[in-house]
Amino acid sequence: MKIHVDQDKCQGHNRCFVVASELFELDDYGYAHEVNDGVVPAGMEEKARLAVANCPEQAISITEDD
Amino acid sequence: MTTEAPKDYATDYDVLDPNYIKNPFPVWDQLRDKCPIAHTGRWGGSWMPTTYADLFAIAQDWKHFSSMDVLVVPPQLQAGSAYLNEEGEFQGDFPGVAAPPITSDPPEHTWARKMLLPPFTAKSVARFEELTREHCRHLLDAIIAKGTGEADAAVDYAQQIPPFVIATMLGVPTNMTADFTQWVRKFLELGPFNPEGAVEARTNILTFVWGQIQDRRQNPKDDLLSYLVQQKVDGQPVPDTHILGTSFLLIVAGIDTTWSSIGSALWHLAQHPEDRKRIINEPEIINSAVEELIRAYSPVTMARLVLDNVEVDGAKMCPGEKVLMNFPAGNRDPAVFEHPDEVILDRAKNPHIAFGVGIHRCAGSNLARMEMKVAIQEWLARIPDYSLAGASDETTWAGGQVRGPRTLPVVFPQ
């Protein structure tokens, strides 16, 4: 599974970072970026989905492995 | 001013109607089902969306919906002008000072916001957490020292926190907090009933801030005002009117909003011992509890100005009309939130829009969260058991565009 934060949509609500701090980092303006090229480590899939569900900007997308 | 109670909220809502202010939730539920974008002729006229989807769509569409004028009730503030009276004349001093970036559209908004964000990241505001905690403890010491087992959780506590924190961040004397509180109330809460008083309060704030700005130019310190005066845009210093407007915004926007959120949270907890126990016994849920309390009791409703003919969810809007962005109603929309009227402290899916959504997401959201977290934790550490005073709920609420308790009498065991 991979995640991606669309930088045109992220407005810095920080909700993803709070629910899944292992998967995101915040820059000096508070905007979120995926870490580790967006690769979600095994066992963290539920946290990735929570991040998507809590983003008010609908800025986070998930790509499932084939 | 119309004082008659509204008969039909779909066509005649009144955000200053006392019954609406006290309990707006059933009205929003009715409107969402029957007329998702309501309209009123009151207070100069406005539209009011109540579904999450419509609020989201309008907030993202800044090309049609400008933030030049975010207030619906007087005195109305317009970017690039001073306050306008009914004849459209300037009122008060400091013409040309708005409140950027909340009153800005792109392209000004883009650089103005970028300048403001670094001091308000979660990491930056964490520097003020310990100080906020100490301040809350002092307030609680004073409440408990009275020995009566009674307190006004709004006046003696919630109201005392945000002005202290923003004064500290700005680097102005914290003995100014009583003045800040009075000015902000006169400007926002009491403005609709006393526009001249609001203009006077605006002048008071701007006069004070202008003096501070001039001082920081001569004697820079490690504070937010010094940071602001040192900013440059495209290599040029930021215009005085802009710095002044942003400083004005920091005082006005950071005070009664957060104080309303803290007050509403304490009002809820006073009536829900099970939620108090959870926060005490499961301290790890505090972040999610804060988000949930902000969702359920979102205080802020900002407006937008329609720039062009546009239709949203069947409502045909024309240039010059206002839209009241009822984010609080969106946060109780059952299409997005399961059991929206229940406070579920560990709610897993909570994409609330209490801080707005889109390019105007509240710049102070991390500060508000920090203050709420600390205020709730410290209150419950000292007063774990309390309830509303009196046989019936004596809480008084302020409404309009910022909703929250203004007096909140509570009792607790000695």
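Quick note: the coordinates plus some simple rules give every number you see, no bench work behind them. Here the structure is a predicted model, which means the values were calculated and not measured. Methodologically, a virtual Cβ is constructed for each residue, glycine included, from the backbone with ideal geometry; neighbour enumeration extends over all protein chains shown.
What whole number of Å gives the distance from the Cα centroid of the stretch B:197-222 to the Cα centroid of the stretch A:7-66?
40
Over chain B, with a Gaussian network built from C-alpha contacts below 10 Å, which listed residue (B:G44, B:G245, B:G211) shows the highest mean-square fluctuation?
B:G211
Just how large is the dipole of chain B about the Cα centre, in debye to the nearest 20, putting +1 at every Lys and Arg Cβ and -1 at every Asp and Glu Cβ?
The dipole of chain B has a size of about 860 debye.
Excluding B:V411 itself, calculate the net charge of residues whose Cβ lies under 15 Å from the Cβ of B:V411, where each Lys or Arg counts +1 and each Asp or Glu counts -1.
Every neighbour counted, the sum reads -3.
Got the relative contact order for chain B handy, in percent, Cα pairs under 8 Å and 6 or more residues apart?
Relative contact order for chain B comes out at 24 percent.
For B:K114, which lysines qualify as cross-link partners when the Cα separation must be under 23 Å and same-chain residues fewer than eight apart are set aside?
A:K9, B:K63, B:K123, B:K221, B:K232
From Cα pairs below 8 angstrom and at least 6 apart in sequence, can you work out the relative contact order of the stretch A:2-63, rounded to a whole percent?
Here the relative contact order equals 46 percent.
Using a Gaussian network model of chain B with C-alpha springs under 10 Å, which one of B:P239, B:P340, B:P36 is most mobile by mean-square fluctuation?
B:P239
Please give the peptides B:262-269, A:1-8 ranked by average Cβ packing (other Cβ atoms within 10 Å per residue), highest first, as a rough proxy for protection.
Per-residue Cβ counts within 10 Å, averaged per peptide and sorted highest first, yield B:262-269, A:1-8.
Would you mind classifying the protein assembly as shown by shape? Square roots of the alpha carbon gyration tensor eigenvalues, ordered a ≥ b ≥ c; an a/c under 1.5 is rounded, otherwise it is prolate if a/b is larger than b/c and oblate if not.
Rounded, because the longest to shortest axis ratio a/c is under 1.5.
Give me the percent of DSSP beta bridges within chain B that run antiparallel, rounded to the nearest 5.
95
So for the stretch A:2-63, considering every pair of alpha-carbon atoms, how many percent are separated by more than 17 Å?
23
Quick check: from the Cα gyration tensor, does the stretch B:197-320 come out rounded (a/c under 1.5), prolate or oblate?
oblate
To the nearest 20 debye, what charge dipole does the protein assembly as shown have about its Cα centre, counting +1 at the Cβ of each Lys and Arg and -1 at the Cβ of each Asp and Glu?
That gives a dipole near 700 debye.
How many partner chain Cβ atoms sit within 10 Å of a residue's Cβ in peptide B:346-355, on average, as a whole number?
Per residue, the number of nearby Cβ atoms from other chains is 4 on average.
Using a 10 angstrom cutoff on alpha carbons, build the Gaussian network for chain B and name the most mobile of B:V312, B:V72, B:V252.
Maximum fluctuation in the GNM of chain B, among the listed residues, is at B:V312.
Rounded to whole Å, give me the distance from the Cα center of the stretch B:281-295 to that of the stretch B:13-38.
27
Pull up the cross-link candidates among the lysines for B:K277, meaning alpha carbon to alpha carbon under 20 Å and not fewer than 8 places away within one chain.
B:K373
Kyte-Doolittle cut-off 0.0, length cut-off 18 Å along the helix's own axis using Cα: show which whole DSSP H helices in chain B pass.
Membrane-span-like by this rule: B:240-253.
Run the dipole for the stretch B:288-414 about the Cα centre, Lys and Arg Cβ at +1, Asp and Glu Cβ at -1, nothing else charged, and hand back the magnitude in debye, nearest 20.
Around 360 debye, computed over the stretch B:288-414.
Is the stretch B:9-411 best put as rounded, prolate or oblate by its Cα gyration tensor, with a ≥ b ≥ c the root eigenvalues, rounded for a/c under 1.5, and otherwise prolate when a/b is larger than b/c, oblate when not?
It is oblate, given that a/c is not under 1.5 and a/b is not larger than b/c.
Sequence neighbours fewer than 8 away in the same chain don't count; with that in mind, list the lysines whose C-alpha is under 18 Å from B:K7.
Reachable lysines: B:K22, B:K34.
Take the alpha carbon atoms of the stretch B:105-152, find their center, do the same for the stretch B:374-401, and report the distance between the two centers in whole angstrom.
18
Note down the Stokes-Einstein diffusion coefficient of the stretch B:321-380 in µm²/s, whole number, using a Kirkwood radius over alpha carbon pairs, 37 °C, and 0.692 mPa s.
244
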